[in-house]
Amino acid sequence: MSERIATVSRDTSETQITVTLNLDGQGHLNGETGVPFFDHMLDQVARHGMIDLDLKVNGDLHIDDHHTVEDLGITLGQAFDKAIGDKRGIVRYGHAYVPLDEALSRVVLDFSGRPGLSMNVEFTRATIGRFDTQLFWEFFQGFVNHARVTLHIDNLKGFNAHHQAETIFKAFGRALRMAAAEDPRMAGKMPSTKGSL
């Protein structure tokens with residue numbers, strides 16, 4: 001199995017971000033974004049996706065969290081696109097249902113080469129601590145645009161906003177893990193009748 005590791009940097013007047021991603025890691029997150037609740041969510045993605053993530057993030061948090069969260073989604077998406085390569089031999093599709101107490105979320109994704117986000121989540125609170133829940137959409141939109149994936153996120157149940165978010169990010173990690181997995185029966189083969197993704 002070849003190494004599926006990528007490093008991507010994004011440097012703007014608003015943020016300076018470097019992401020190193022290992023798709024076949026041990027589930028470790030190293031580094032912080034400066035946004036504590038968002039770090040907690042990224043840790044869920046790494047842990048449940050069995051992905052190693054190394055982050056170096058400097059954002060304009062004196063304004064708000066928006067640029068940091070959005071640009072991390074963009075940079076992480078670019079790293080996924082680079083690490084996964086031409087997609088030969090991967091499962092391609094992934095899905096997961098994850099509960100946490102009263103909350104339940106479903107995430108389904110496709111390394112389709114076509115960016116698309118359908119996110120049906122009604123958070124019961126506008127903020128979790130000081131984190132603006134609208135920023136989750138910005139993160140996932142940045143990710144799908146640059147990872148070139150189709151992503152469906154549905155929160156099916158939940159009244160605790162922290163639980164809603166955590167089930168989404170855990171399910172996202174599990175779905176990524178499934179879709180990016182190498183299928184020995186597909187070795188060298190493109191998982192598409194079109195011949196490319």
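Annotations for the structure displayed:
Let's see how each residue does on (1) touching a Gly at 6+ places or on another chain (Cβ under 8 Å); (2) hydrophobic (A, V, I, L, M, F, W, C); (3) under 23 Å from HIS40 (Cα atoms); (4) at pLDDT 95 or above:
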residue: PHE80; (1), (2), (3), (4): no, yes, yes, yes
residue: ARG92; (1), (2), (3), (4): no, no, no, yes
residue: HIS95; (1), (2), (3), (4): no, no, yes, yes
residue: PRO99; (1), (2), (3), (4): no, no, yes, yes
residue: ALA103; (1), (2), (3), (4): yes, yes, yes, yes
residue: GLY113; (1), (2), (3), (4): no, no, no, yes
residue: GLY116; (1), (2), (3), (4): no, no, no, yes
residue: PHE123; (1), (2), (3), (4): no, yes, yes, yes
residue: THR127; (1), (2), (3), (4): no, no, yes, yes
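- For the criterion of being among the hydrophobic types (A, V, I, L, M, F, W, C), touching a residue at least 60 places away in the same chain (Cβ under 8 Å) and not in a strand (DSSP E or B), PHE80 passes.
- Candidate set: segment 170-197, residues that are farther than 14 Å from GLY49 by Cβ and either among the charged types (D, E, K, R) or at pLDDT 95 or above (or both); chosen: the one nearest to the chain's Cα centre (by Cα): GLU182
- Output for segment 3-39, where each listed residue is without any contact (Cβ under 8 Å) to a residue 12 or more places away in the chain and under 28 Å from HIS95 (Cβ atoms): ASP39
- Identification of strands (runs of 3 or more DSSP E) wholly contained in segment 89-197 with 2 or more residues that are touching a residue at least 40 places away in the same chain (Cβ under 8 Å) and touching a Leu at 6+ places or on another chain (Cβ under 9 Å) yields 93-100, 103-110, 150-157.
- Verdict on GLY89 being surrounded by 19 or more Cβ atoms within 10 Å (Cβ to Cβ), small (Gly, Ala, Ser) and under 15 Å from the mean Cα position of the chain (by Cα): no
- Only residues that are among the charged types (D, E, K, R) and either farther than 21 Å from ASN22 by Cα or in contact with a Lys or Arg (Cβ under 9 Å, 6 or more places away or on another chain) (or both) were counted in segment 84-111, giving 5.
- Taken over segment 50-75, the criterion of being assigned to a helix (DSSP H, G or I) and either surrounded by 22 or more Cβ atoms within 10 Å (Cβ to Cβ) or touching a Cys at 6+ places or on another chain (Cβ under 7 Å) (or both) is satisfied by THR68, VAL69, ASP71, LEU72, GLY73, ILE74, THR75.
- Of the numbered criteria (1) in a loop (DSSP other than H, G, I, E, B); (2) surrounded by fewer than 17 Cβ atoms within 10 Å (Cβ to Cβ), the one ASP39 fails is (1).
This table checks each residue for (1) closer than 15 Å to GLU138 by Cβ; (2) out of contact with any Asp or Glu (no Cβ under 9 Å at 6 or more places or on another chain); (3) modelled with pLDDT under 95.
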| site | (1), (2), (3) |
| --- | --- |
| ASP24 | no, no, no |
| VAL45 | no, yes, no |
| LYS56 | no, yes, no |
| LEU76 | yes, yes, no |
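- Verdict on ARG47 being more than 18 Å from ARG148 (Cβ to Cβ), assigned to a helix (DSSP H, G or I), touching a residue at least 40 places away in the same chain (Cβ under 8 Å) and of a type in the set (D, E, K, R): yes
- The set of residues in segment 61-111 being under 30 Å from THR193 (Cβ atoms), out of contact with any Pro (no Cβ under 9 Å at 6 or more places or on another chain) and of a type in the set (D, E, K, R) consists of ASP81, LYS82, ASP86, ARG106, ASP110.
- Extreme residue, nearest to VAL98 (Cα to Cα), among residues of segment 152-169 that are under 13 Å from the mean Cα position of the chain (by Cα) and surrounded by fewer than 23 Cβ atoms within 10 Å (Cβ to Cβ): GLU166
The values are calculated or read from the model by the stated rules, or taken from the named source; none is laboratory data. This one's a predicted model, so the numbers in the text were calculated from it and none came from an experiment. Glycine also receives a Cβ, built like all others from the backbone with ideal geometry; neighbour counts cover every protein chain displayed.
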